[in-house]
Amino acid sequence: MASGGQTDTETQETYVVIGAGHGAGQAAVTLRAKGFQGRIILIGEESYAPYQRPALSKAFLSGDLALERLYFKPPEYYAKNDIDLILDTVVTRLDREKKTIALSDGRVIGYDKALLATGSRVRKIPLPGVDLPGVFYLRTIADVEGIRASCAKGAKIVIVGGGYIGLEVAASTRKLGLDVTVLETESRVMARAVGKPVSDFFEALHAEEGVTIKTGQAVKALEGKSKLERVVCADGSVWQADIAVIGVGIVPNQELAEEAGLPVDNGIVVDAACRTTDPSVFAAGDCTNHPNDIFERRLRLESVHNALEQAKTAAAAMCGIVNDYNQVPWFWSDQYNVKLQIAGLSQGYDQIVLRGDPSQRKFAAFYLKQGMLIAVDAINAVPEYMASRKLIAAHARIAPERLADMSIPMKSMIE
């Protein structure tokens, strides 16, 4: 390993994965599975081996999942498979001409091929008081540990943002016995991801569990003397708070690619095989803008499914095996005893068809566009979710009355 600003000049072929998240871990596994025998280096900014982020706002925050179970692979896996982990380190520059990567500790590492699995980061909001003790964002293990340390039973927590993360944090902290309030700027929760019937269901679900949700609320400031004491909204309402968690979305980590002269457009631009315009540089995961033939447009997706599948595609392409990535996106969210499973992308729908009974906490919302099924939100409805993934991929047109009819099995609609 090079040190002290010297360039690594080893002759062994070297593949460097920039990032150490879910996708990065999968890429390393796939490189070995595809027969790459050279040197693999994973570089991450955190002090942990690749781990699973979805559980952070769910079972890990609520204390139902131990740290060891977060890991994508046991930490010892990497040494056993001759994969070098460089943690607590930032990549400061990608030099495509010299084919080197500069690190924050002064090292410079040469590469034959590089994979940008840089992921995304939380969207910060420039509000007065956002730096007060007791104010958190949630993206890393360290973030969750800080939140949990402040979660005394009965404490008041205000969650800024009613998207997936905000509502999952609400469910997890309510389970811990906190007094929970969610403030959302839109007129309903999860407005950018689901239709009104699904928003209505989750608002009612959280109300039943004792969570206060206020929509149409723009936060103006976070206030307190030595620590957070209250959250102030633009309409003058004030919410007492011991803790605040801000969850207002994420942004792609594309700066490294942009500074290296690679095309970016709401993500690092790649083709269907996760190749950038540089034949030695690939990209995968939240940070990419990639084509999808099913939806006939370019997408940037924030999901574990996308990170894992793109990582497999990119690693294979690095080994000379080109298999285009073209799948129906899917997502999930766990809140209390409810599992929301989403397949497809509902943007642009012109009709929603409900199947099942929301009052029973088991139903599906199908999204149609000009008669074609483009997405489903399945709440504790696995058959509807599984069938819809196939129907969406096939650009299926199912009569709305058939979709709504519970007496017609979902599997029969695939045939």
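List of remarks:
- The Cβ shell under 13 Å around Asp271 holds other residues with a net charge of -1, Lys and Arg each +1, Asp and Glu each -1.
- Rg and Dmax of region 38-183, Cα atoms only, in Å: 18.5, 57
- For the chain, the antiparallel share of DSSP beta bridges with both residues in that region comes to about 60%.
- Across region 199-243, Cα pairs under 8 Å and at least six residues apart give a relative contact order of 24 percent.
- Using a Förster distance of 30 Å, the FRET efficiency for Arg192-Asn81 (Cβ separation, nearest 0.05): 0.15
- Counted charge near Tyr325, where neighbours are those whose Cβ lies closer than 9 Å (Asp, Glu -1; Lys, Arg +1): -1
- Taking Rg and Dmax of the Cα atoms in Å as calculated from this structure, the corresponding entry among (i) 22.6, 70; (ii) 22.8, 82; (iii) 20.2, 61 is (i).
- For region 135-248, convex hull of alpha carbons as volume per residue, Å³: 93
- Highest to lowest packing among 397-406, 85-94, 363-372, scored as the average C-beta count within 10 Å: 363-372, 85-94, 397-406
- Unit charges on C-beta of K, R, D, E only; dipole of the chain, Debye: 560
- Over region 359-415, relative contact order from alpha-carbon pairs under 8 Å, at least 6 apart, %: 30
- Whichever lysines have a C-alpha closer than 17 Å to that of Lys153, once near sequence neighbours (fewer than 8 apart) are set aside: Lys175
- Beta bridges assigned by DSSP with both partners in region 135-248 are antiparallel in approximately 30 percent of cases.
- Going from the residue with the fewest nearby Cβ atoms within 10 Å to the one with the most, Asp143, Asp131 rank Asp131, Asp143.
- Förster radius 45 Å - calculated FRET efficiency between Ser104 and Leu65, Cβ distance, rounded to 0.05: 0.90
- Here Ala152 and Ala221 are evaluated by their C-beta separation; at R0 = 25 Å the FRET efficiency comes out at 0.55.
- Dmax and Rg, reported as Rg then Dmax, of region 205-308 (C-alpha, Å): 20.4, 55
- Taking 1.002 mPa s as the viscosity and 20 °C as the temperature, the Stokes-Einstein diffusion coefficient of region 337-414 based on its alpha-carbon Kirkwood radius rounds to 177 µm²/s.
The numbers here are math on the coordinates, done by the rules we state, and not lab data. Here the structure is a predicted model, which is why all the values come from computation and not from measurement. Cβ atoms come from the backbone with ideal geometry, glycine included; neighbour counts cover every protein chain shown.
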